[in-house]
Amino acid sequence: MTAAFRLTDSTLRDGSHALAHQFTEEQVRAVVRGLDAAGVPVIEVSHGDGLGGSSFNYGFSRTDEKALLRAAVEEAQHAKIAVLMLPGIGIKEDLVEAAEIGAKVARIATHCTEADIAPQHIALAKELGMETVGFLMMSHMIGPDELLEQAKLMESYGADCVYVVDSAGAMTIDDARRRVAMLKSNLGCQVGLHAHNNLSLAVANSMAAFEEGVDQIDGCTTGLGAGAGNCPTEILVAAFEKSGVATGVDPLAVMDVAQEVVRPLQPLQGVIDRDGLLLGYAGIYGSFLLHAKRAAERFGVDSKDILLELGRRKVVGGQEDMIIDVAVELERQAAQAMAERIQDH
Amino acid sequence: MSDTIRGAIVGSGNIGTDLMYKLRRSDVIELGAVIGIDPESDGLAKARELGIATSAEGADWLLERADQFGIVFEATTASVHRAYAPKYAAAGLKAVDLTPAKVGPNVVPTVNIDVALDRPNVNMITCGGQATTPIVAAVKAVAEVPYAEIVSTVASVSAGPGTRQNIDEFTKTTSKALEEVGGAGIGKAIMILNPADPPIIMRNTVFCALGDGYDEATVSKSILDMVEQVREYVPGYRLKSDPVFDTGPFHTPGGSVPARVIALLEVEGAADYFPPYAGNLDIMTAAATRVGEAMARHMLGGGR
């Protein structure tokens, strides 16, 4: 059975955010075994912020991502293993090492306006014989025309596919549709969509993208991922199959993986709480969520206020340090307001 | 005997032009020439306006009259500097290198300026390195720092094509400087470009892992003192808040530690050639001026 598009499951990369980068080798092996047997063609494995992401700023990996990658490569019988890397966080040596371990797909991610920091990394991945993807994060922040310019840059560097990435889960169905359509009608390479579920639209946006001819779609099993979570792989597969669109994945098998292997890791995955919704509503980078909740507790301020201020500052992916900056400032403002109230009395 | 040393800037792009304004104010360096390769460049036009000798014939022009100069400030590219560094040295010119070529040792004015005195060539690391290694060194002076990490965020419009195409050079060079100059056991640097309009002021966050036995007040004071020292040449360098201490344990690449300290820094530029948001470019040229001046004083027979 030929699939109508190619599915990449990012549970073991984007899902790393939801678990504060605590994946173990056993968990990675179990997820890869299940997804591979269910027919998922590409499985992404990296720190949530890509190769080299283990840090104070984003959270240290419990297990070295290279060890996780090696385990994934060993388990996969059919699926290709993909890695993500963000220039500025990871370096070329990380890609070389990932290729040596056996990763076959390199996804090079930049903020949607900064594609021109990626040419060396895309060229290197091609040289290493990897399939390459240009991954334009926070694509909701610019319109389809401007996004196309950046996508053309990615294509010119040699990307085999360029992704519209809704990192904040901020896109409406129309937003996703127009961006995918613009890229599809103007690029020679493939086009992909990576959706988040903050507005409960990840599956709908992926189906709209399919109608516009999208070639690759991302999911995460149970939606395990940054912010309110990603497009849930098992729901995406079920919805497409019911619509008569072949995914190449066994719906019942992937539902079992979701329920038995991934769900236990994060039982409440799929609940969109106020902060998760707020990210999508205000267009804020999804992986800020847990960091903001932690900072709110540490500094005694409201996570909602942190997130809204980050939105006002137009902070981009990777600027997790600004969460501490904002929390410290809110704490100071609160103390000042308290002092003034005491004085007034 | 003259009381100044003649300097030349090679490279008439953004960095070279900003440096020109700073060197003109120096009392120990006389800026003798600005050298580019494009006669139409804005930098050379600005130099001509200011009555400074210019050439569009590149570094060879300088080598032909090397005896008239003492210090060359390289603001071209790493490959140009690698090619010319031996020629400058052979011609008796000292070099302050603002490219990532790293021919000579890394230097940060407030940490190890003495290395600049006797070496023929020193490297200014990166903008993020100039902004963050002083803080790591300040913490290291009073505590164990088995791991240090920095996040440097600059406005997209202030990152030129050289930086963009060589972003790995930034992260690797800066990481190394955190170790070699800052004194951290292991260093890691992260660079982020932010396209917000109006452009954001350069931001740097420094995380230092703290080994056992540190004293919060001592660490804080050391950081605050260092900030004051950097402010002597970059007035827009400031802490956004007092240093933040977090207790762990944290399992870092340098080992497990009980705590960390975070310094949140903002660098506003002096707006000599770039707008104030480009503190990243300002701190490079201001630091290079400091280093050049120390070299010049030493050459003139003074201390530094």
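The values are calculated or read from the model by the stated rules, or taken from the named source; none is laboratory data. These numbers come from a predicted model, not from an experiment. Cβ coordinates were reconstructed from backbone atoms using ideal geometry, including for glycine residues, and neighbour counts include every protein chain displayed. Keep in mind that these areas ignore ligands, DNA and RNA; they rest on the heavy atoms of the full protein, side chains included. Shrake-Rupley method; radii C 1.70, N 1.55, O 1.52, S 1.80 Å.
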### Query
Just for the stretch B:141-171: of the residues that are farther than 26 Å from B:Gly292 by Cα and away from every other protein chain (no Cβ under 12 Å), which one is most open to solvent (accessible area, probe 1.4 Å)?
B:Glu144
### Looking only at the stretch A:190-225, and only at residues there that are charged (D, E, K, R) and out of contact with any Asp or Glu (no Cβ under 9 Å at 6 or more places or on another chain), the one that is surrounded by the most Cβ atoms within 10 Å (Cβ to Cβ)
A:Asp215
### Task
Report the residue count in the stretch A:239-262 for those that are farther than 26 Å from A:Asp215 by Cβ and surrounded by fewer than 17 Cβ atoms within 10 Å (Cβ to Cβ).
3
### Query
Any residue in the stretch A:22-36 that is β-branched (Val, Ile, Thr), buried (at least 19 other Cβ atoms within 10 Å of the Cβ), assigned by TED's automatic domain parsing to the domain that holds A:Glu241 and farther than 11 Å from A:Ala72 by Cα?
no
### Message
Scan the stretch A:147-158 and tell me whether some residue there is out of contact with any Lys or Arg (no Cβ under 8 Å at 6 or more places or on another chain) and under 30 Å from A:Val271 (Cα atoms).
### Response
no
### Task
Select from the stretch A:88-113 the residues that are open to solvent by less than 10 Å² (accessible area, probe 1.4 Å) and assigned to a strand (DSSP E or B) and list them in ascending order.
A:Gly90, A:Val105, A:Ala106, A:Arg107, A:Ile108, A:Ala109, A:Thr110
### Query
How about the stretch A:154-189: which of its residues are open to solvent by 10 Å² or more (accessible area, probe 1.4 Å), closer than 20 Å to A:Arg6 by Cβ, touching a helix residue (DSSP H, G or I) at 6+ places or on another chain (Cβ under 6 Å) and not in a loop (DSSP other than H, G, I, E, B)?
A:Arg177, A:Arg179
#### Entry: Complete set of residues in the stretch A:37-50 that are surrounded by fewer than 24 Cβ atoms within 10 Å (Cβ to Cβ) and in contact with a strand residue (DSSP E or B) (Cβ under 8 Å, 6 or more places away or on another chain)
A:Pro41, A:Val42
### the stretch A:227-257, residues that are more than 19 Å from A:Ala204 (Cβ to Cβ), assigned to a helix (DSSP H, G or I) and among the small types (Gly, Ala, Ser)
A:Ala253
### Task
Identify, by number, the condition in (1) assigned to a strand (DSSP E or B); (2) open to solvent by less than 10 Å² (accessible area, probe 1.4 Å) that B:Asn280 doesn't meet.
(1)
### Summary
Considering the stretch B:206-240, residues that are open to solvent by 70 Å² or more (accessible area, probe 1.4 Å) and assigned to a loop (DSSP other than H, G, I, E, B), and then whichever is farthest from the other protein chains (Cβ to nearest Cβ), we arrive at B:Glu232
### Matching option when the condition is at pLDDT 95 or above and more than 11 Å from chain A (Cβ to nearest Cβ), among B:Pro258, B:Pro275, B:Pro243
B:Pro258
### Query
Can you tell me which residue in the stretch B:176-193 is farthest from the other protein chains (Cβ to nearest Cβ), limited to those that are open to solvent by 20 Å² or more (accessible area, probe 1.4 Å) and outside any loop (DSSP other than H, G, I, E, B)?
B:Glu180
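On the basis of being among the basic types (Lys, Arg) and part of a strand (DSSP E or B), does B:Arg48 make the cut?
no
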### Candidate set: the stretch A:51-74, residues that are within 11 Å of chain B (Cβ to nearest Cβ), in contact with a strand residue (DSSP E or B) (Cβ under 6 Å, 6 or more places away or on another chain) and assigned to a loop (DSSP other than H, G, I, E, B); chosen: the one most open to solvent (accessible area, probe 1.4 Å)
A:Phe60
### Task
Evaluate the following for A:Asp305: is it farther than 22 Å from A:Asp14 by Cα, in contact with a Ser or Thr (Cβ under 8 Å, 6 or more places away or on another chain) and part of a helix (DSSP H, G or I)?
no
### Query
Counting only residues that are within 11 Å of chain B (Cβ to nearest Cβ) and either assigned to a strand (DSSP E or B) or buried (at least 22 other Cβ atoms within 10 Å of the Cβ) (or both), how many does the stretch A:114-147 have?
6
### Query
Does A:Gly283 fit the bill of being open to solvent by 10 Å² or more (accessible area, probe 1.4 Å) and touching a residue at least 24 places away in the same chain (Cβ under 8 Å)?
yes
### Summary
Conditions (1) open to solvent by 10 Å² or more (accessible area, probe 1.4 Å); (2) at pLDDT below 95; (3) within 18 Å of the chain's Cα centre (by Cα) -> A:Pro267 fails only (3)
### Query
Can B:Asp242 be described as more than 28 Å from B:Ala159 (Cβ to Cβ) and either of a type in the set (Phe, Trp, Tyr) or touching a helix residue (DSSP H, G or I) at 6+ places or on another chain (Cβ under 9 Å) (or both)?
yes
### Task
Output the residue which, of all residues in the stretch A:293-345 that are touching a strand residue (DSSP E or B) at 6+ places or on another chain (Cβ under 8 Å) and among the hydrophobic types (A, V, I, L, M, F, W, C), is nearest to A:Ala109 (Cα to Cα).
A:Val316
### Message
Suppose we filter the stretch A:313-343 for residues that are open to solvent by 40 Å² or more (accessible area, probe 1.4 Å), under 22 Å from the mean Cα position of the chain (by Cα) and more than 7 Å from chain B (Cβ to nearest Cβ); how many remain?
### Response
1
### Query
Do we have B:Arg203 as open to solvent by 60 Å² or more (accessible area, probe 1.4 Å) and either within 14 Å of chain A (Cβ to nearest Cβ) or in contact with a strand residue (DSSP E or B) (Cβ under 9 Å, 6 or more places away or on another chain) (or both) here?
no
### Message
I'd like to know if the stretch A:297-307 contains one or more residues that are within 21 Å of the chain's Cα centre (by Cα) and within 13 Å of chain B (Cβ to nearest Cβ).
### Response
no
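Would the stretch B:71-85 turn up any residue that is at positive phi and surrounded by fewer than 16 Cβ atoms within 10 Å (Cβ to Cβ)? Working first, answer last.
Let us first name the residues in the stretch B:71-85 that are at positive phi, namely none.
The answer is no, given that none of the residues of the stretch B:71-85 is at positive phi and surrounded by fewer than 16 Cβ atoms within 10 Å (Cβ to Cβ).
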#### Entry: Matching residues, the stretch B:1-49, being hydrophobic (A, V, I, L, M, F, W, C), in contact (Cβ under 8 Å) with a residue 60 or more places away in the chain and within 19 Å of B:Leu63 (Cβ to Cβ)
B:Ile5, B:Ala8, B:Ile9, B:Val10
